[in-house]
Amino acid sequence: MKLLSYFRGEAFQRGVHPPSCKLTASTKIRRLPFPPKVIVPLSQHIGKVPRAIVKVGQEVVRGEPIARTDDWLSVPHHAPVTGVVEFIGLRPGVRGPWVESIVIRAYPAATQEDLWGQPRDLAAASGGDILQAIWDTGMVGLGGAAFPTHAKLTVPKQAKVHTLVVNGCECEPYLTCDHRVMVEQADDMIVGTRYAMRATGAVRAIVGIEDNKPDALAAVRAAISRAGAVPEGEIHAELVPTKYPQGSEKMLIMALFGIEIPAGGLPVSLGMVVNNVGTLAALGKLLPAGRGLTERVVTITGPGVAKPGDYIVPLGTPLRFVLDYAGAPGADARQVILGGPMMGQAAASLDVPITKGMSGVLVLLGDALDRNERLKTYPCIKCSECVESCPMGLNPSQLGMLAAKREYDLMGSHYHLGECFECGCCTYVCPSNIPLVQQFRVAKQILREKAIAK
Amino acid sequence: MTIEIRSAPHIKGERTVEQIMRHVVWSLMPICLFYVYQYGLSALASLVVVTASCLATERFFVRQGGQSGDIGDFSAVITGLLLALSIPPGFPLWMGAVAGFVAIALGKALFGGIGFNVFNPALVGRAFVQAAFPQAIASYTPSFLPGRFSEMIPSSMAIPLMQPAGIVEWLKAKQFDALAGATPLAKWKFDGILVNADELLTSLSGHMAVGPSPALILLCGAYLAFRRFMDWRIPTAILGSAGLTAWLLFALSPDRFPNPFFMLFSGGLILGAIYMATDMATSPVTPKGMWVYGALIGLLTVIIRYYSGLPEGVMYAILLGNAATPLIEKITQPTPFGKSALAVLGRARKGASYPLHPGYISREDAGAVTPKKRFLSNKPKMQERDKES
């Protein structure tokens, strides 16, 4: 009941409470073995595609750069395994179409240690030096959006940043990789936070953690007190209410500061930069050693996985290898989702690799999906569930009816379609089983294409 | 092995249309049982016949017209039960069947079935029979008559297309005067007799010609609202606005107008506010619109009751509210996140965990508009803040 939400003091209005299903919240992070072959797609992030700087047949060591570009909105890639480059060309991509990839065959006898690195002394480095160092690690947002981190931490000339918000919400059901990183790698995360504060010039960092992860809060607070007074400024950790989509940066800032980011604006317009805890923990480890991003923590979970858990997976590991290791039973008709169940993408093939922005692999069994298949679709009965759960305050009911009539221009001009960030709350709650957010994706794509055509 | 591809979200909430409708039907059950207890066999027959007529019509049009929905979604059951509860218990059964047919055929199927109807189907059916059979719909019988479980009210069994048997004679035989069959609202309107509000609330005392107890309806409605199968805003707005209007008029001239509690608990206002005006398809989808819609219905109800020739106004008030719904929705679209007045002014909401800017940042450094700084007592202390304030 939304009235109860008000009395509970939930910070942003609306949103939903899907069952959390965090099966792996108390299992330690484990390491996945190295696969015989890794596939590194050249485009794993938002921005320009870097080009390969290795040749077929060339030997690479783990951590060595294999693709780079001078374009600012892009990141280099590093070899995830020691081995030999076997193939450069098209391979199945996460989004469906085949994409340019580098395939590296791992040497079975290699120790797979990080052999490449340019340790730097960053103790006295300026903000610009740190940004350059971050760029060299090939870091992108590990929360899912995969936006290049150095670009995110770069403050535009006319703006000033005073606060770094560290996003430890992880509001998607099933996923626990950020949770485990906060519990086990809190010190690395604080180190990364300090670098990010120096890069942006922020004097305050606030870690926002959903209140279903009290152990993460305790671990982060302990790490803050271990770090003591840091010259960069103050670091706090704060609980925010558990609610989907609390992990969206606009919602998190609303929860912490009680302010709405003006429509169309970025957090930087309020002097804030938001970063994911996993990103900062990885930065804390990689930056002092001057290494590249070659692995990440991925939650492998779902009813179809025998050994669910958070695994350190070398980037480029094929999904098939990951699932075989985690024990996903074969024969059953099933769905493999990359990311969380609310916003994740269904994998089209098991040959696609783990990429930088992939926070989870969720395996759903047939019987879990059968109920959704059996649901009948009704016309909109205007129950207003979607209106009361849209975190952006849109009217999905009206938008859905317009989408059915293909009135895309009207949706964009009068009903604020552009504000929709596709969290899926409307489809989740719709009792008529109308594919609302799916229609909005189509509508947004059509509007984008129209805008480009003009 | 095959893997399937779907578009996110991959999980789905529990709620379905069938579930909502089923819960509304369950919550109507105590009300129906009480109604049968009040009026006996005739009430039971009326409930069954009207609901069956609605279901048969729904089945026919769904099959013929290829509309979505079916009798399995329970929406036609709700229409039937509400329609039966809103007509007199002694209403001729064949007329009840006509009302049920009209409710679904003209009120729902004509517009395209579930979700597309503009007016509440039960009220469309009732409005039709009110116009077609004005005498029958005005002849109420007293409740708790002796022998109500062994004989029907004679008018119930009227032969189709014939005048129903008069109930005045039948009531006389039971030692009731003609006035006993008038509803409290009609008694007040035409004879100036006022019933106490507490008697109306329970419907238990005497042989009043009233519908099911408003207290019971409120209870069932509270259950629905608590489980969120019904929006609490609409009944609150209707009862609030009707009560306020009635209270204002009562304060102006207590001799001319009854007290506001009589207004609230008499007639079909409670049933209409809780079960009929809240019909999802015909009420606004926007939260702000629900308040406007409810307020409009409450106001119209009181105006029709006081200033028109009719004793009861809930039905027309709701139908008018239904008609105004698209317009209300148009002017009450929700404000998107980041476009509210607070966001435009750059002001923070009360009770936030942290101030927008660290206390020691100067206004120039902040670069953006500086909101009023708000601090909570348990938050990290900053010395500059104390100096400022």
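Where a number appears in this text, it was derived from the coordinates with a stated rule and is not lab data. Note that the structure is predicted; figures quoted are calculated from it, not measured. Note that each Cβ is placed from the backbone with ideal geometry, even for glycine, and that neighbours are counted across all protein chains shown.
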Item to check | GNM top mover of B:LEU300, B:LEU44, B:LEU194 - chain B, alpha-carbon springs below 10 Å | outcome: B:LEU194
Checklist entry - What is the Cα radius of gyration of the stretch A:385-453 over 2.2 N^0.38 Å, N being its residue count? => result 1.01
Checklist outcome for this item: Over the Cα atoms of the stretch A:170-264 the radius of gyration and the largest Cα-Cα distance (Dmax), both in Å, equal 13.5, 39
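Obtain the radius of gyration and the Kirkwood radius of the stretch B:1-146 from its C-alpha atoms and give Rg over Rh.
Values: Rg = 18.1 Å, Rh = 16.4 Å.
Reported Rg/Rh (Cα atoms, Kirkwood Rh): 1.11.
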Checklist entry - Given 10 °C and 1.306 mPa s, how large is the Stokes-Einstein diffusion coefficient of the stretch A:70-125 in µm²/s, with Rh as the Kirkwood radius over Cα pairs? => result 110
Next on the checklist: Report the Rg/Rh value for the stretch A:206-310, based on alpha-carbon coordinates and the Kirkwood definition of Rh.
Outcome noted: 1.00
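Determine how many Å³ per residue the convex hull of the Cα atoms of chain A encloses.
Values: hull volume 69.0 nm³, N = 454.
About 152 Å³ per residue, rounded to a whole number.
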Checklist entry - Can you tell which of B:ILE11, B:ILE153, B:ILE20 shows the greatest fluctuation in a Gaussian network model of chain B with Cα springs below 10 Å? => result B:ILE11
Next on the checklist: Please compute, over every Cα-Cα pair in the stretch B:1-42, the percentage with a separation greater than 13 angstrom.
Outcome noted: 71
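Among B:LYS187, A:LYS450, A:LYS48, what is the fewest-to-most ranking by other Cβ atoms within 10 Å?
Working: B:LYS187 19, A:LYS450 12, A:LYS48 15.
Least crowded to most crowded, the residues run A:LYS450, A:LYS48, B:LYS187.
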Item to check | Computed Kirkwood radius, in angstrom, where 1/r is averaged over Cα pairs of the stretch A:224-284 | outcome: 13.5
Next on the checklist: Applying a 10 Å radius around every beta-carbon, put B:265-274, A:376-385, A:429-438, A:262-271 in order of their mean neighbour count, most first.
Outcome noted: B:265-274, A:429-438, A:376-385, A:262-271
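Counting only Cα atoms, I'd like the Rg/Rh figure for chain B, Kirkwood definition for Rh.
Working: Rg = 26.3 Å, Rh = 23.6 Å.
Checking Rg against Rh, the ratio lands at 1.11.
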Item to check | the stretch A:45-82 versus the stretch B:114-135: alpha-carbon centroid distance in Å | outcome: 71
Checklist outcome for this item: Rounded to the nearest Å, the spacing of the alpha-carbon centers of the stretch A:258-320 and the stretch A:197-218 is 14
Checklist entry - How large is the dipole of chain A about the Cα centre if only Lys and Arg carry +1 and Asp and Glu carry -1, each at its Cβ, rounded to the nearest 20 debye? => result 540
Item to check | In Å, descending, principal axis extents of the Cα set of the stretch A:275-363 | outcome: 46, 25, 22
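With all pairs of different alpha carbon atoms counted, what Kirkwood hydrodynamic radius in Å does the stretch B:232-345 show? Intermediate values should be presented prior to the final figure.
Working: mean 1/r = 0.0681 Å⁻¹.
Taking every pair of different Cα atoms in the stretch B:232-345, averaging 1/r and inverting gives 14.7 Å.
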Checklist outcome for this item: Taking R0 as 60 Å and r as the Cβ-Cβ distance between B:LEU110 and A:SER126, the FRET efficiency 1/(1 + (r/R0)^6), rounded to the nearest 0.05, comes to 0.25
Checklist outcome for this item: Computed about the Cα centre, the charge dipole of chain B from +1 Lys/Arg and -1 Asp/Glu charges at the Cβ has a magnitude in debye, to the nearest 20, of 1380
Checklist entry - Quick one: what Rg and Dmax do you get for the stretch B:246-295 from the alpha carbons, in Å? => result 13.9, 40
Checklist entry - On average over all directions, what projected area in square nanometres does the protein assembly as shown have, based on the convex hull of its Cα atoms? => result 41.4
Item to check | Ratio of the Cα radius of gyration of the stretch A:1-147 to 2.2 N^0.38 Å, where N counts its residues | outcome: 1.39
Item to check | Simple spin-label estimate for B:LEU194 and B:THR2 in nanometres, 7 Å along Cα-Cβ | outcome: 7.4
Checklist entry - If one computes the Cα centroid of the stretch B:193-272 and of the stretch A:376-445, what distance in Å separates the two points? => result 37
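I'd like the antiparallel share, as a percent to the nearest 5, of DSSP beta bridges with both residues in chain A. Before the final figure, lay out each step's value.
Numbers: 37 of 60 bridges.
That works out to approximately 60 percent antiparallel.
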Checklist entry - What's the angle, to the nearest 10 degrees (0 to 90), between helix B:214-226's Cα axis and the longest principal axis of chain B? => result 40
Checklist entry - Near A:VAL230, within a Cβ-to-Cβ distance under 13 Å, what is the net charge of the other residues, with Lys and Arg +1 and Asp and Glu -1? => result +1
Checklist outcome for this item: Charge dipole of chain B built from unit charges on the beta carbon (Lys, Arg +1; Asp, Glu -1), centred at mean Cα; most positive-end Cα among B:PRO184, B:PRO154, B:TRP94 is B:PRO184
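Need one value for A:57-66: mean number of C-beta atoms belonging to other chains within 10 Å of its residues' C-beta atoms. Could the numbers behind the result be given before it?
Details: counts 0, 0, 0, 0, 0, 0, 0, 0, 0, 0.
That works out to 0 on average.
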Item to check | Largest-first principal axis extents of the Cα set of the stretch A:339-421 (Å) | outcome: 42, 32, 24
